[in-house]
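The values are calculated or read from the model by the stated rules, or taken from the named source; none is laboratory data. These numbers come from a predicted model, not from an experiment. FYI the Cβ positions are ideal-geometry reconstructions off the backbone, even for glycines, and counts take in every protein chain you see.
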Amino acid sequence: VAPGFIDTQLTAKYSPEVRARILGQIGMGRAGTAEEVAELVAFLAADASRYITGQVIGIDGGMVL
């Protein structure tokens with residue numbers, strides 16, 4: 001799992017200017033949430049993903065395309 005810009009205590013310390021610059025690079029125009037990352041991890045741990053192996057899955061709102 002390769003998270004992009006996620007709203008956390010760490011990223012909350014970024015200045016408004018830095019946040020705006022980063023958010024401007026994200027296709028969805030917003031930061032991700034820890035809950036969204038957790039949902040991806042839960043999916044990967046579930047039987048529904050049993051055929052997925054050896055992959056790096058980005059969860060970055062379209063920041064890296």
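Checking the conditions here, which among G29, G61, G4 is on the phi > 0 side of the Ramachandran plot and either aliphatic (A, V, I, L, M) or surrounded by 12 or more Cβ atoms within 10 Å (Cβ to Cβ) (or both)? Walk me through it before giving the result.
Values: G29 fails: either aliphatic (A, V, I, L, M) or surrounded by 12 or more Cβ atoms within 10 Å (Cβ to Cβ) (or both); G4 fails: on the phi > 0 side of the Ramachandran plot.
Only one candidate qualifies: G61.
Residues in the stretch 7-17 that are in contact with a Gly (Cβ under 9 Å, 6 or more places away or on another chain) and exposed (fewer than 11 other Cβ atoms within 10 Å of the Cβ): how many?
In the first step, residues of the stretch 7-17 are kept if they are in contact with a Gly (Cβ under 9 Å, 6 or more places away or on another chain); the result is 7.
So of that shortlist, the ones also exposed (fewer than 11 other Cβ atoms within 10 Å of the Cβ) come out as none.
Qualifying residue count, the stretch 7-17: 0.
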Original post:
Any chance the stretch 33-45 includes a residue that's hydroxyl-bearing (S, T, Y), under 14 Å from T11 (Cβ atoms) and surrounded by 12 or more Cβ atoms within 10 Å (Cβ to Cβ)?
Top reply: yes
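Among the candidates V56, V18, V37, V41, which residue alone is part of a helix (DSSP H, G or I), touching a residue at least 40 places away in the same chain (Cβ under 8 Å) and of a type in the set (A, V, I, L, M, F, W, C)? If you could, list the steps in order and put the result at the bottom.
Values: V56 fails: part of a helix (DSSP H, G or I); V18 fails: touching a residue at least 40 places away in the same chain (Cβ under 8 Å); V37 fails: touching a residue at least 40 places away in the same chain (Cβ under 8 Å).
That would be V41, the only listed residue that is part of a helix (DSSP H, G or I), touching a residue at least 40 places away in the same chain (Cβ under 8 Å) and of a type in the set (A, V, I, L, M, F, W, C).
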Original post:
Within the stretch 37-45, is even one residue more than 15 Å from the chain's Cα centre (by Cα), modelled with pLDDT of 95 or more and not hydroxyl-bearing (S, T, Y)?
Top reply: yes
Original post:
Just to be sure, is A20 loosely packed, with under 11 Cβ neighbours inside 10 Å and either in contact with a Leu (Cβ under 9 Å, 6 or more places away or on another chain) or among the hydrophobic types (A, V, I, L, M, F, W, C) (or both)?
Top reply: yes
